[in-house]
Amino acid sequence: VVYFFFFKQKTAYEIAQRLVGSEMCIRDRYQRRVHGILGQMGRRPARCYRYCKGKAYPKSRYNRGVPDSHIRMFDAGRKKARTDEFPLCVHLVSGEKEQLASEALEAARITSNKYLMTKAGKDVYHLRIRVHPWHVIRINKMLSCAGADRLQTGMRGAFGKSYGKVARVKIGQIIMSVRCKERDRRHALEALRRAAYKFPGRQSIAIGSTYGFTDIPRLQFGKLKREGQITHFGNHAKILSKHGPLKNYLKKIMPAQ
């Protein structure tokens, strides 16, 4: 291939000899060499998809081709610890009605998990992300190069293609929680404080009144446990119901023969 060089305003341009007429292409030599880098479009900032608009748009047989969520693990730490091992529960609560990207949830999980693992220890806490990114966001890609008006149709057919997943949260909804022992309270508070920087809007940190991740109040847990009114299900527990047939209740409270 033979190239001819034209110098205009101290910039060298090259024209491929094989391109003629309307196909003639003037390219900058430096940009052509790094086309793989300059050609990639960056990710949109979170402010473009922060507010909840319209109905939820989940993945379905009508909404196909959705990219995978960036967060895959929603639990970290000692996930299989019994309920009575970690009595304290600390929550990160949302202060706004907004959307949280799956990338932000993953960043918050990594930040808080790394801090707890470093300061408290690997087996002295259980971290859980309480929201899931089901809502699919869309993007209407627009060209920004020269002659883009010939290739695209503006706002005609501007529904957009699937771009990512976000989680919709309400005011007062728990985003993530940590259960641990009372001695690690300050580490749990600091871990959630650092995780809050990964989210837009306002968040607050609250200390739960329940025993771990259960619905049982912490002040009543010891009494109910001594009376045998609590059934453990791994890292969760519930109070035995006194309704229903008597034989079913006796099976729950009596050990297996």
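List the strands (runs of 3 or more DSSP E) inside the range 139-257, counting only whole elements, that have at least 1 residues being within 25 Å of Ser69 (Cβ to Cβ). Give the steps one after another, and end with the answer.
Values: elements: 161-169, 174-180, 203-207, 230-233, 236-239.
By residue number, 161-169, 174-180, 203-207, 236-239.
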*Test result for Ser177, in contact with a Pro (Cβ under 9 Å, 6 or more places away or on another chain) and surrounded by 11 or more Cβ atoms within 10 Å (Cβ to Cβ)*: no
*So, in the range 225-248, of the ones that are within 35 Å of the chain's Cα centre (by Cα) and not hydrophobic (A, V, I, L, M, F, W, C), which residue ends up most open to solvent (accessible area, probe 1.4 Å)?*
Lys238
*Of the residues in the range 198-224, how many are farther than 18 Å from Glu85 by Cβ, surrounded by 13 or more Cβ atoms within 10 Å (Cβ to Cβ) and among the charged types (D, E, K, R)?*
1
*Find the residue count for the range 149-169, including only residues that are at pLDDT below 95, out of contact with any helix residue (DSSP H, G or I) (no Cβ under 9 Å at 6 or more places or on another chain) and either crowded, with 16+ Cβ neighbours inside 10 Å or among the basic types (Lys, Arg) (or both).*
4
*Is one or more of the residues making up the range 46-66 touching a helix residue (DSSP H, G or I) at 6+ places or on another chain (Cβ under 8 Å), surrounded by 11 or more Cβ atoms within 10 Å (Cβ to Cβ), at pLDDT below 90 and not polar (S, T, N, Q)?*
yes
*In the range 71-95, how many residues are within 19 Å of Arg194 (Cβ to Cβ), in contact with a Gly (Cβ under 8 Å, 6 or more places away or on another chain) and assigned to a loop (DSSP other than H, G, I, E, B)?*
1
*Look at Phe213 and say whether it is within 29 Å of Val166 (Cβ to Cβ) and touching a residue at least 12 places away in the same chain (Cβ under 8 Å).*
yes
*Would the range 113-120 turn up any residue that is in a loop (DSSP other than H, G, I, E, B), under 30 Å from Ile230 (Cβ atoms), open to solvent by 20 Å² or more (accessible area, probe 1.4 Å) and small (Gly, Ala, Ser)?*
yes
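Yes or no, residue by residue, for (1) polar (S, T, N, Q); (2) in contact with a Pro (Cβ under 6 Å, 6 or more places away or on another chain); (3) over 27 Å from Cys180 (Cβ atoms):
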site: Arg47; (1), (2), (3): no, no, yes
site: Ser94; (1), (2), (3): yes, no, no
site: Glu98; (1), (2), (3): no, no, yes
site: Ala107; (1), (2), (3): no, no, no
site: Val136; (1), (2), (3): no, no, yes
site: Ala146; (1), (2), (3): no, no, yes
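The values are calculated or read from the model by the stated rules, or taken from the named source; none is laboratory data. All figures in this text were calculated on a predicted structure; none of them were measured in a lab. Neighbour counts run over all protein chains shown; Cβ positions are idealised from the backbone, glycine included. Please note that ligands, DNA and RNA were not included when accessible areas were found on the heavy atoms of the full protein model with its side chains. Shrake-Rupley method; radii C 1.70, N 1.55, O 1.52, S 1.80 Å.
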